[in-house]
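Please read the structure below before turning to the comments.
The values are calculated or read from the model by the stated rules, or taken from the named source; none is laboratory data. The model shown is predicted, which means the values in this text are computed figures rather than measured ones. Here the Cβ positions follow ideal geometry from the backbone for every residue, glycine too, while neighbour counts run over all protein chains shown. Protein only, heavy atoms only, side chains kept; ligands, DNA and RNA dropped before computing areas. Shrake-Rupley method; radii C 1.70, N 1.55, O 1.52, S 1.80 Å.
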Amino acid sequence: MPQPRFTTEQLEELNILCLYNLDTTQEGIKVHSSAAPEAIAAAGRLYAKGLVTQADGGYMTPLGREAAQHAQDLLGLLAPVDLTT
């Protein structure tokens, strides 16, 4: 049985979720049409999944806020560790 792995698309979605400011619900993001095609597509997928309010980002939905919290927590857990000390 193959090991589960994040797909490229899921990693792109996680990167978008990590852009959100979790300190406020009044701040959204906008993925501009000049952004990388992967970022534009990721924002669209997050919208289709009900995690953000607009296809180009917008605000987080309650589910999106929860997903962003998990994504940002995971990013923190996976941060490089300084093994020289």
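Here are a few things to note about the model shown:
- Helix 62-77 and the longest principal axis of the Cα set of the chain meet at an angle near 30°.
- 1.4 Å probe accessible area per residue over the chain, in Å²: 72 Å²
- A simple spin-label model places pseudo-atoms 7 Å from Cα toward Cβ; at ALA35 and LYS49 they are separated by 1.4 nm.
- Label-to-label distance for THR61 and LEU22 is 2.0 nm, based on points extended 7 Å past Cα in the beta-carbon direction.
- GLN69 versus LEU11: modelled label distance in nm, points set 7 Å from Cα along the beta carbon direction: 2.7 nm
- Of SER33, ASN21, THR85, farthest towards positive along the dipole that unit charges on Lys, Arg, Asp, Glu beta carbons give the chain: SER33
- Cα gyration tensor category, rounded, prolate or oblate, for segment 1-42 with a/c compared to 1.5: oblate
- Value of relative contact order over the chain, rounded to a whole percent, pairs C-alpha under 8 Å and six or more apart: 26 percent
- Helix-only [θ]222 nm of the chain, DSSP H runs n ≥ 4, -39500 (n - 2.57) each, per residue, nearest 500: -14000 deg cm²/dmol
- Shown here: log10 I(q)/I(0) by the Debye sum over Cα atoms at q = 0.21, 0.26 Å⁻¹, derived from the displayed model; of the candidates (i) -0.95, -1.30; (ii) -1.06, -1.39; (iii) -1.19, -1.57, it corresponds to (i).
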